[in-house]
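Reviewing the structure listed below.
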Amino acid sequence: MKTKPTLGALLLACAVGWPFLASAQETGGTARPRLIEPRADEVLRAMSERLAGLERFAFEAEETFDEIPDGEPRMQLSNVRRAAVERPNRLAADADGDTLNRAAWFDGKTATVLDKAHNVYGQVAVPPTIDAALDALAEQYGVEPPLEDFVFSDPYAILTEAVRHGRYLGLHHAGGVLCHHLVFVQDTIEWQIWIDAGEDPLPRKFVITYVREPGEPQYSAVLRKWNLAPTFPEGLFTFEPPPGARRVELADFAGLGEAPGEGGGR
């Protein structure tokens with residue numbers, strides 16, 4: 001996955017509410033080769049090619065993540081996210097749970113995030129494809145949610161961009177499904193992925209460990225309710241402000257106050 005995600009980036013992703021997760025690394029101008037076991041590479045490529053070949057799809061994910069306040073016990077919080085993708089230029093998502101009550105849209109021209117708890121929204125012009133729009137949001141606002149990797153047109157390239165080595169761990173269960181279990185190591189994170197071992201090599205579980213952060217907090221998502229041939233209702237990818245909604249700068253979302261059902265004002 002990309003080199004940028006840190007725990008801070010994850011928390012900002014939670015603030016904005018998007019649903020969402022290879023060139024050789026360079027150190028001192030010297031390319032560092034990746035060492036990925038052939039079986040791990042084969043399985044990850046198969047998953048990536050399956051997702052890349054879908055014109056439209058939808059899924060739901062239940063995420064859990066650690067919060068480790070200074071001098072306080074570790075807390076684990078959770079949200080449920082839902083995403084609908086129509087390539088190359090339509091994306092809609094919503095999330096609710098311990099820290100979120102938000103929705104987001106990309107219609108090929110504009111990215112919009114609605115905070116339903118505060119009835120405010122942020123909106124910015126972005127490039128006309130999902131890939132370019134997500135890249136622009138990362139560069140301009142630091143928003144790089146973990147699960148975004150799965151909606152790019154080439155998930156394999158995004159997922160392995162900063163990988164140093166990867167291993168195949170065997171067949172293990174995730175969400176009640178027998179899966180290929182893989183682990184990958186980067187400079188600041190380690191991540192694991194469980195990929196369906198059946199006919200459809202879909203991602204079923206995804207875990208990130210922030211090994212450079214105090215306490216090594218984790219983010220985990222179980223991806224479920226995949227729909228690979230959805231019929232989306234008209235207007236799904238178009239934002240219409242709800243009555244009384246107030247527009248704010250997208251960058252202001254991280255500073256919104258705490259609302260009922262949300263933690264830490266994310």
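The values are calculated or read from the model by the stated rules, or taken from the named source; none is laboratory data. Quick caveat, the model's predicted, so the values are computed rather than measured. Counting neighbours? That spans all protein chains shown, and the Cβs are built from the backbone with ideal geometry, glycine included. Note: accessible area is taken over every heavy atom of the protein model, side chains too, but ligands, DNA and RNA are not part of it. Shrake-Rupley method; radii C 1.70, N 1.55, O 1.52, S 1.80 Å.
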How many of the residues in the range 121-136 are farther than 15 Å from ARG87 by Cβ and among the small types (Gly, Ala, Ser)?
3
Of (1) open to solvent by 20 Å² or more (accessible area, probe 1.4 Å); (2) closer than 15 Å to ALA221 by Cα; (3) outside any strand (DSSP E or B), LEU147 satisfies every one except (1)
Can you name the residue in the range 88-118 that is within 16 Å of GLU148 (Cβ to Cβ) and touching an Asp or Glu at 6+ places or on another chain (Cβ under 6 Å) and, of all such residues, is surrounded by the fewest Cβ atoms within 10 Å (Cβ to Cβ)?
ALA103
Pairs under 9 Å by beta carbon, first residue open to solvent by 50 Å² or more (accessible area, probe 1.4 Å) in the range 193-205, partner of a type in the set (Ser, Thr, Tyr), six or more apart or different chains?
LYS205/SER220
Say whether the condition of being charged (D, E, K, R), at pLDDT 90 or above and touching a helix residue (DSSP H, G or I) at 6+ places or on another chain (Cβ under 7 Å) is met by at least one residue in the range 236-255.
no
Which residues, counting only those in the range 163-189, are open to solvent by 10 Å² or more (accessible area, probe 1.4 Å), assigned to a strand (DSSP E or B) and touching an Asp or Glu at 6+ places or on another chain (Cβ under 9 Å)?
HIS165, ARG167, TYR168, VAL177, LEU178, HIS180, VAL183
Among the numbered criteria (1) assigned to a strand (DSSP E or B); (2) open to solvent by 30 Å² or more (accessible area, probe 1.4 Å), which one does ASP131 miss?
(1)
Suppose the filter is within 30 Å of PRO73 (Cα to Cα) and more than 19 Å from the chain's Cα centre (by Cα); does GLY215 pass it?
yes
Strands (runs of 3 or more DSSP E) lying entirely in the range 1-113 (those with 3 or more residues that are at pLDDT 95 or above):
56-67, 75-86, 90-97
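Residue by residue, here is whether (1) of a type in the set (Lys, Arg); (2) touching a helix residue (DSSP H, G or I) at 6+ places or on another chain (Cβ under 6 Å) holds:
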| position | (1), (2) |
| --- | --- |
| ARG81 | yes, no |
| ALA95 | no, no |
| THR99 | no, yes |
| GLY122 | no, yes |
| ALA125 | no, no |
